[in-house]
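Data block below; observations after.
The values are calculated or read from the model by the stated rules, or taken from the named source; none is laboratory data. Remember, it's a predicted structure, so these values are computed and weren't measured experimentally. Every residue, glycine among them, receives a Cβ derived from its backbone with ideal geometry; neighbour counts consider all protein chains shown. All accessible areas refer to the heavy atoms of the entire protein, side chains included, with ligands and DNA or RNA removed. Shrake-Rupley method; radii C 1.70, N 1.55, O 1.52, S 1.80 Å.
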Amino acid sequence: MELDRLDRDIIAALVEDARQTYAEIGQQVGLSASAVKRRVDRLRETGAITGFSARVAPQALGWTTEAYVELFCQGKTKPSDIALAVSKFPEVVAAATITGEADALLHIRATDVRHVERVIERIAAMAFVVRTKSAIVLSRLVDTPPGAAVPAPAAPGAPYAGPRNETPATG
């Protein structure tokens, strides 16, 4: 599905605060409440918007430590096998196949470093895992929720235009 500028602005407004009314979003994007509702309904029907949820600070739930763990697997372990195995760990909040030497990258949230260590030990003990390489997060520098800034896609072959809304440095 192709999104126009209004769709992107509506999505960004919903990501910022999905509890705001269609009228409030309409004021931000220059549409009537009914026009915003029609667009949101269409975005849901086409799958561009998959649902609405609350963003909860992990610290509020006691998950104060996070780590990224690279998985190195034996042979040609299928991504679906990795996904099935690691999805059994509630501490694994995201997993992806990646380029480079590792086969997958896991994002782990836990109560403390010892908890992270126990999770990594359990993951490393899985039959298809050859080794792991982990990094503990010290502090988050940028943490933008998906869709908060929905850039328009570049035209095919167009050069990278750089980040949006950036103020040039003066000096």
From DSSP H assignment alone, runs of 4+ in the chain each adding -39500 (n - 2.57), the sum over residues rounded to the nearest 500 puts [θ] at 222 nm at -9500 deg cm²/dmol
For segment 99-111, Karplus-derived ³J(HN,Hα) couplings (6.51, -1.76, 1.60; θ = phi - 60°; whole Hz; x for glycine and proline) come out as 7, x, 6, 6, 8, 8, 10, 10, 10, 10, 10, 8, 7
The lysines whose Cα lies under 24 Å from the Cα of K76, excluding any fewer than 8 residues away in the same chain, are K88, K133
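Which residues make up the longest stretch of the chain that has no trypsin sites (Lys or Arg not before Pro) in a DSSP loop with at most 11 other Cβ atoms within 10 Å?
It runs 89-139.
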In segment 1-80, the chymotrypsin sites (Phe, Trp or Tyr not before Pro) that sit in a DSSP loop and have at most 14 other Cβ atoms within 10 Å of their own Cβ are F52
Rounded to a whole %, the carbon-and-sulfur portion of the accessible area of segment 1-110 at a 1.4 Å probe is 51
If every Lys and Arg gets +1 and every Asp and Glu gets -1 at its Cβ, then about the Cα centre the chain yields a dipole, in debye to the nearest 20, of 280
With Cα springs under 10 Å, the Gaussian network model of the chain assigns the largest mean-square fluctuation among A127, A33, A102 to A127
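For the chain, what is the accessible area per residue in Å² when the probe is 1.4 Å? Don't skip to the end; give the middle numbers.
Working: 11620 Å² over 171 residues.
Ligands and nucleic acids excluded, the result is 68 Å² per residue.
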Output for segment 1-106: GluC sites (Glu not before Pro) sitting in coil per DSSP, at most 15 other Cβ within 10 Å, listed by number, reads E2, E101
For the chain, the longest principal axis of the Cα atoms and the Cα long axis of helix 33-45 enclose an angle in degrees, to the nearest 10, of 30
Rounded to the nearest 10 degrees, the helix 5-16 long axis (Cα) sits at an angle to the longest Cα principal axis of the chain of 60
